[in-house]
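Read-outs: derived from the displayed coordinates by stated rules, not from any lab. Everything quoted here is computed from the prediction, not taken from an experiment. Here the Cβ positions follow ideal geometry from the backbone for every residue, glycine too, while neighbour counts run over all protein chains shown.
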Amino acid sequence: MYELNQKAGALKPYDPIAGQYEVRLDANESFLPLPEEVVLDAQTALAELPFNRYPDPTAGEACAAFAAHYGVPVEQVVAGNGSDELITVIFSTFLEKGDAFATIEPDFSMYAFNGFLQEARHVAIPKNEDYTLDIDKTIQVCREENVKLLIFSNPCNPTSLVCPREEVARLIRSVDALVILDEAYMDFSDQSLLVQAEEFDNLILLRTCSKAFGMAAIRLGFAVARPELAEVLRAAKSPYNVNALSQKIGALALGQELAIKAALKDILASRDELYAGLEKLGQAYPGRFTLLPSATNFCTMLMPDKQEFFEYLKSKSIVIRLTGGVVRITCGTWEENARFLSAAEDYLKGADA
Ligand SMILES: *Cc1c(COP(=O)(O)O)cnc(C)c1O
């Protein structure tokens, strides 16, 4: 009789909120549809796609469009089936069984999951009480624990805080570990180390098309690192990891500079509106929650009764996300923000409680 090993038996599937809800502010996606030019060009490309052939194993066109958009050399760029895939490839390549990897908690939950799959030793470094990064402590722990791989997001999901790039650079320079800097939300902020990535011999930087670019559906992410490290990633990934359609759509969308700028402006305006609404609620109901500053497309609240808040919103067909001990609300359309804020106010004032 076949018996699952302990590792396989312990796995729990990633649990995005299932079910039909009218307002979804739970997954940090963009609320905007893809620009019409991109959709039309993609339709034309689809008609001409050689479906019987394997796609370009290097996703060359998509990598070139990414490199051009951000102004980095294309030799440093590797494409993945979402940055989630790249995280898995990185963990399985750069960690050996029993090696220590470090996260700075709370952070994106997939890091710890991948370390578990890899049978690596998890060193969880806590954030400061105000949820900022303690750079000195992180350096110290990495040295003491012989950490081989340090991974964190900046700006951070779920805290929405950004750490200044000089501090991040100091951290990378001060450790022997390979540092995986996940900049999934950096399009909403201005502290990227992307164009400096080649100054570091121990850095792999991650970006995704799922957030600012509004392409969560096509699963496209990128790693940026010095050519030596980029070459290792290309060798380690599965050969045709990014499908032909995603390569094409990614290349088209990343080439639309004006549309990208316009979308970013709309998302940030929505985030500001959501943030201002929450700030107002914070003033009207002092002591009920704390709002952290946001450098992302979501707002993060600290709230003792978060579970009740979550359930209340769900009963109004509005979903947000509880993760890492905080409340995370993705900014949405004007109507979605308004519905959320009005329900939040009802909750705070104790309506039908
Ligand atoms: C959303 C997210 C990702 C996943 O991006 P995909 O490219 O969609 O796999 C990676 N890291 C962080 C911190 C995220 O929030």
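Output the relative contact order of segment 181-256, whole-number percent, from Cα pairs under 8 angstrom with separation of 6+ residues. Don't skip to the answer; put the middle values down first.
Details: 75 pairs, mean separation 19.7, N = 76.
Once normalised by length, the contact order is 26 percent.
Note that segment 197-202 has calculated 3J(HN,Hα) couplings of 3, 6, 6, 10, 8, 10 Hz, one per residue in order, obtained from phi through the Karplus relation 6.51 cos²θ - 1.76 cosθ + 1.60 (θ = phi - 60°); glycine and proline are x. If you take the Cα centroid of segment 221-239 and the Cα centroid of segment 1-47, the two points sit 24 Å apart.
Between Pro33, Ala47, Pro57, the Cα set farthest toward the positive side of the dipole of segment 29-73 (charges on each charged residue's Cβ, about the Cα centre) is that of Pro57.
Relative to the Cα centre, the charge distribution of the chain, modelled as +1 at Lys and Arg Cβ and -1 at Asp and Glu Cβ, gives a dipole magnitude of about 400 debye. Ranked by the mean number of other Cβ atoms within 10 Å per residue, highest first, peptides 294-303, 255-264 order as 294-303, 255-264.
One decimal place: the segment Glu119-Glu311 gains 65.6 nm when fully extended, by the rule 0.36 nm per residue minus the C-alpha distance. In this structure, Leu258 and Ile17 have a Cβ-Cβ separation that, at R0 = 45 Å, corresponds to a calculated FRET efficiency of about 0.85. Candidates Tyr70, Val326, Gly277 compared by Cα position along the dipole of the chain: farthest toward the positive end lies Val326, with charges placed on Cβ. In the chain, the DSSP-assigned H stretches of four residues or longer account for a calculated mean residue ellipticity at 222 nm of -13000 deg cm²/dmol, using -39500 (n - 2.57) per stretch and the full residue count as denominator. Scaled against 2.2 N^0.38 Å for its residue count N, the alpha carbon radius of gyration of segment 239-340 is 1.35.
Using alpha-carbon pairs under 8 Å, 6+ residues apart, how would you state the relative contact order of segment 1-148 in percent?
Details: 93 pairs, mean separation 23.0, N = 148.
Value for segment 1-148: 16 percent.
For Leu181, the residues whose modelled amide H falls within less than 5 Å of its own, excluding neighbours fewer than 5 places apart on the same chain, are Ile204, Leu205, Leu206. Sorted fewest first by neighbouring Cβ atoms within 10 angstrom, Phe222, Phe51 come out as Phe51, Phe222. Computed from point charges on the beta carbon alone (+1 for Lys and Arg, -1 for Asp and Glu), the dipole magnitude for segment 144-277 about its Cα centre is near 560 Debye.
Normalised by the number of residues in segment 212-353, the average gap of Cα pairs under 8 Å and 6 or more apart makes the relative contact order 20 percent.
When the chain is described by a simple charge dipole with +1 on each Lys and Arg Cβ and -1 on each Asp and Glu Cβ, the residue from Cys299, Met110, Met1 located farthest towards its positive end is Met1. The Cα trace of segment 36-255 gives Rg and Dmax of 17.4, 57 Å, the first to one decimal, the second as a whole number. Residue-wise HN-Hα couplings along segment 326-342, as the Karplus relation 6.51 cos²θ - 1.76 cosθ + 1.60 with θ = phi - 60° gives them from phi, are 10, 9, 10, 10, 6, 6, x, 5, 4, 5, 5, 4, 5, 5, 4, 5, 5 Hz; Gly and Pro carry x. Rounded to whole numbers, the Karplus 3J(HN,Hα) couplings from phi for segment 48-56 are 9, 6, x, 5, 7, 9, 5, x, 4 Hz, using 6.51 cos²θ - 1.76 cosθ + 1.60 with θ = phi - 60°, and x at Gly and Pro. For the chain, the share of DSSP beta bridges that are antiparallel, to the nearest 5, is 45%. Packing, taken as the mean count of other beta carbons within 10 Å per residue, orders the peptides 130-138, 282-290 from highest to lowest as 130-138, 282-290. Across all directions, the average projected area of the convex hull around the alpha carbons of segment 74-180 is 6.9 nm². Under 5 Å between amide hydrogens, built in the peptide plane, is the criterion, and for Gly80 it picks out Gly221, Phe222, Ala223 among residues at least 5 positions away or on other chains.
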